[in-house]
Amino acid sequence: MINKYRWWEYVLIYSGIALFLTFILAPFVEAFVVSLRPLDALFSIPYQFFTDEMSFDAYFTMWSSVPLLFRYMVNSFFISTAVTVLALLAIIPASYAFSRFEFRFKNSILAAFLAINMVSGAVLIIPLYKVMQQLGVLNTYFAMIAPGVAFVIPTGIWLLRSYLIKIPKELEEAALVDGAGRIYTLIRVIIPVALPGIMVVAIATFIAAYAQQFIFALTFNSTNELNPLPVGLFQFFGRENVVWNELLAASLVGILPVLILYVFLQKHIVSGLTAGAVKE
Amino acid sequence: MNSVNKKIDWFPYLLLLPATIITLIIVAWPLVETIRLSFTNTSLSQTFEYVGIDNYVKMFEKKFPSVIARTFYWMAISVSLKMILGIIGAVLLNAAVPGRTLFRVLIMPPWVVPIAIGVFIWGWMYNGQFGMISGLAQRLGILSGPFEFLAYRNSAFMSTIVTDVWIGTPMVTVYLLAAMQSISPDLHEAAWTDGASRLYRFRRITMPLIMPAVATMSLLSAIWTFNSFDIIWILTEGGPRNATTTMIIDTYKTAISRFRYGEGSARAVMIVLFLSIFSAFYFLMVSKIAKKSTA
C-alpha cells in the first residue's frame, strides 16, 4: 500500500515528531514543573529539572503575593468579552452585506478591510495615544477595548462571510415575501441559522482579543486595578527578585481559559484562524 | 418608469456602517494623523510647529539606517526558520501514522496562548543562573558556567528570534499542512504505481503544489514578524545596547518612552511604507495564484 511505512521510516517520523513537539511543548512543561517547585530549590546550582518536595503551594501563595491577581484575570476576561461583543455587532451586518448583496466598490471595500490585517496596533500607537489623552479616557477600560475592536474586525468579516455564503438565499426570500423587513429578516432569520458560524467567529475573536491586550494596556493604562493579566504580571517579571514559581503558576492559570476553549473547539479554531490568512 | 430600479440600494452600505466607523476612527484616521505628526515637532508641550522633513532628516542622520538593517536581518532569520520548521512539521504531521490527530492538536498552544504569557516562560528559560537552557547546557558540558542569554548583544538577538519562531511556527505548520492535504491523492497514487519513491514524489508533486502556499505564508509571516512588539519588549525592551531594537521598538521608545511624538511618527511612517510594499506584493501574489487556479 502507498501509505505503508517500513520500520525505519516509522522510527524517523516518530522521532521527528517527538523533536518538533519537544520544542513546542517544553516551555509549558518547564513552566508547570517550576510552578510546583519551592523557590529555594529553583535557585539551586547546579540546575535540576525535578525537586523532591514538589507541591502546589505556589498556586495558593500567589494570590497573596500578587494581591490583584484575581482582578487581572477578571479584567482580561472582561476586556476580551467586551471586544468580542462590540466586534460582533460590526462583523455580523458587514459580513451579511458582503455575502448577500451586490453593490459598487464591494471588492475594494472588502480588500480595504483585509488590508487592516497588515498593520498592528503598535504602528498606530502614537495618534491613538493622543486621541485617548484628548478624550480623557486614558486609564479606563474604554481605552483598552476600543482599539482592540478595530483589529479583530477584518478576520471576523472574512470568516463569517464565507459561512453566510453557504446559507441558501431562499430562506430570506421567503421571509421577505411574507412581508418581513430586511433588518428583521437579518435578526430573526439569518442570525439564528448562522449561529454555529457566529459562535466560531466569536471564539476566534475572543482568543485574538485575549492575545492582543498587552500593548494597549501597557500604553493606555497605568491604573493597576484595571490591568489585564499580561500587563499585571509584567510588573513582577521586571523585578530584581522574580518569584518565578508563583509568576509561572499565575501565568498558567491565566492561559487555562484559552487552552480549555482551544481543546474543546480546536477543529473550528484552527480552520478559523488559518482562514485569516486569506485563501479563496 | 423604472427609476426605482436605478436608485442605489443603500441597505448594504448601512450594514457596513458600524465596521466602517470603527475602522475609520481607530485605523484610517490615526494613519493620516501619523503622517501629519511626522512633519511636526509635537511633544508633551501644548504647542507644536510644522518642521517640514526635519524629523526624517534627523532620523537618517542618527542610527536609523542600522535599525532598518537590523529589523530586516531579524525578520529574515526568523521567517526563514519558521518556514523551514513549518515545512518539516507539515510533512511529519501529514504522514499517515497512528496518533497524528493528537499531534496536530498538540502543536498549537504557542499560537493560541497570549503572546505575553508565553514570553514570560521564555524569560525564565533564558535566565542564566537558574534557567533551563543554561542549566541543561552546563549539564551537557556545552557551557562551562552560567550564561545570561539576554545580557549579551548576539545571544539576546538570537534569543528573541527563537521565541518569535516558537510563537510563529504552529501557524505556518498548520497552514502548510492544509495546503498538503488539498493535493489530490490520485497524483501520489499514479506516481506510486509508476514506482516513484517517497522522496521523489515529495520533490516532484508535493513541493511544487505547495509552493504558492509557501510563498504567501512567507510574506504574511514577514508582515507579522515586522509588526512584532510584545516578544522583544518583554524580553529585552530593545536592549542590550539596542541589539534588539527593531523599527517597531525604536518607534515605541521614541514616542511613548521619550514623548517625542513627532520623531516617533516619522519612524511609524517608515514602517507603514515598508508594510505597504509587503502588502502590495502579497495582494499581487494572491491574485496571481487565484488567476492561475481558475485558468
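The values are calculated or read from the model by the stated rules, or taken from the named source; none is laboratory data. Nothing here was measured: the structure is a model prediction, and the numbers come from that model. Cβ: placed from backbone, ideal geometry, glycine included. Neighbour counts: every protein chain shown.
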Subset of the stretch B:210-242 (residues that are part of a loop (DSSP other than H, G, I, E, B) and acidic (Asp, Glu)): B:237
Counted residues, the stretch A:134-152 - those being within 10 Å of residue A:216 (Cβ to Cβ), hydrophobic (A, V, I, L, M, F, W, C) and facing chain B (nearest Cβ under 10 Å): 2
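Please tell me if residue A:106 is basic (Lys, Arg), within 18 Å of residue B:13 (Cα to Cα) and either touching a Pro at 6+ places or on another chain (Cβ under 7 Å) or within 12 Å of another protein chain (Cβ to nearest Cβ) (or both). Reasoning before the result, please.
Details: basic (Lys, Arg): yes; within 18 Å of residue B:13 (Cα to Cα): yes; either touching a Pro at 6+ places or on another chain (Cβ under 7 Å) or within 12 Å of another protein chain (Cβ to nearest Cβ) (or both): yes.
Answer is yes for this residue.
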From the options B:177, B:150, residue that is modelled with pLDDT of 85 or more and either more than 12 Å from chain A (Cβ to nearest Cβ) or within 29 Å of residue A:214 (Cα to Cα) (or both): B:150
Enumerated helices (runs of 4 or more DSSP H) restricted to the stretch B:26-126, each holding at least 1 residues that are within 24 Å of the chain's Cα centre (by Cα) and over 20 Å from residue B:272 (Cβ atoms): B:64-94, B:100-106, B:109-112, B:115-125
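Within the stretch A:118-133, which residues are part of a helix (DSSP H, G or I), facing chain B (nearest Cβ under 8 Å) and touching a residue at least 60 places away in the same chain (Cβ under 8 Å)?
A:125, A:128, A:129
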Options B:254, B:245: the member that is of a type outside the set (A, V, I, L, M), surrounded by 20 or more Cβ atoms within 10 Å (Cβ to Cβ) and outside any helix (DSSP H, G or I): B:245
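Which residues, taken from the stretch B:186-218, are out of contact with any Gly (no Cβ under 9 Å at 6 or more places or on another chain), in contact (Cβ under 8 Å) with a residue 24 or more places away in the chain and more than 10 Å from chain A (Cβ to nearest Cβ)? Spell out the reasoning first.
Of the residues in the stretch B:186-218, the ones out of contact with any Gly (no Cβ under 9 Å at 6 or more places or on another chain) are B:186-213, B:215-216, B:218.
This time we only want the ones that are in contact (Cβ under 8 Å) with a residue 24 or more places away in the chain, so: B:202, B:206, B:209-210, B:212-213, B:215-216, B:218.
Answer for the stretch B:186-218, where residues must be out of contact with any Gly (no Cβ under 9 Å at 6 or more places or on another chain), in contact (Cβ under 8 Å) with a residue 24 or more places away in the chain and more than 10 Å from chain A (Cβ to nearest Cβ): B:202, B:206, B:209, B:210, B:215, B:218.
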Within the stretch A:1-73, helices (runs of 4 or more DSSP H) holding 1 or more residues that are within 12 Å of chain B (Cβ to nearest Cβ) and surrounded by 16 or more Cβ atoms within 10 Å (Cβ to Cβ): A:7-36, A:39-42
Any hit, the stretch A:162-182, residues being at the interface with chain B (Cβ under 10 Å from one of its Cβ atoms) and under 23 Å from the mean Cα position of the chain (by Cα): no
Residues within the stretch A:147-181 that are touching an Asp or Glu at 6+ places or on another chain (Cβ under 9 Å) and either of a type in the set (Asp, Glu) or modelled with pLDDT of 85 or more (or both), tallied: 0
Number of the condition not met by residue B:159 [criteria: (1) farther than 27 Å from residue A:117 by Cα; (2) part of a helix (DSSP H, G or I)]: (1)
Number of positions in the stretch B:44-61 that are within 14 Å of another protein chain (Cβ to nearest Cβ) and touching a helix residue (DSSP H, G or I) at 6+ places or on another chain (Cβ under 6 Å): 1
Close pairs from the stretch A:248-265: first more than 10 Å from chain B (Cβ to nearest Cβ), partner among the aliphatic types (A, V, I, L, M), Cβ under 6 Å, at least 6 apart: A:249/A:58; A:249/A:62; A:265/A:203
Test: residue in the stretch A:215-232 that is among the aromatic types (Phe, Trp, Tyr) and at pLDDT 90 or above: yes
The listed residue being in a loop (DSSP other than H, G, I, E, B), over 30 Å from residue B:12 (Cα atoms) and at pLDDT below 85, out of A:278, A:263, A:242: A:242
Any hit, the stretch A:187-200, residues being assigned by TED's automatic domain parsing to the domain that holds residue A:128, in contact (Cβ under 8 Å) with a residue 40 or more places away in the chain and outside any helix (DSSP H, G or I): no
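Scan the stretch A:217-237 for residues that are more than 11 Å from chain B (Cβ to nearest Cβ) and in a helix (DSSP H, G or I) and jot them down.
So the first thing to find is which residues in the stretch A:217-237 are more than 11 Å from chain B (Cβ to nearest Cβ), and the list is A:221-227, A:235.
If the condition is that a residue be more than 11 Å from chain B (Cβ to nearest Cβ) and in a helix (DSSP H, G or I), then A:224, A:225, A:226, A:235 are the ones that fit.
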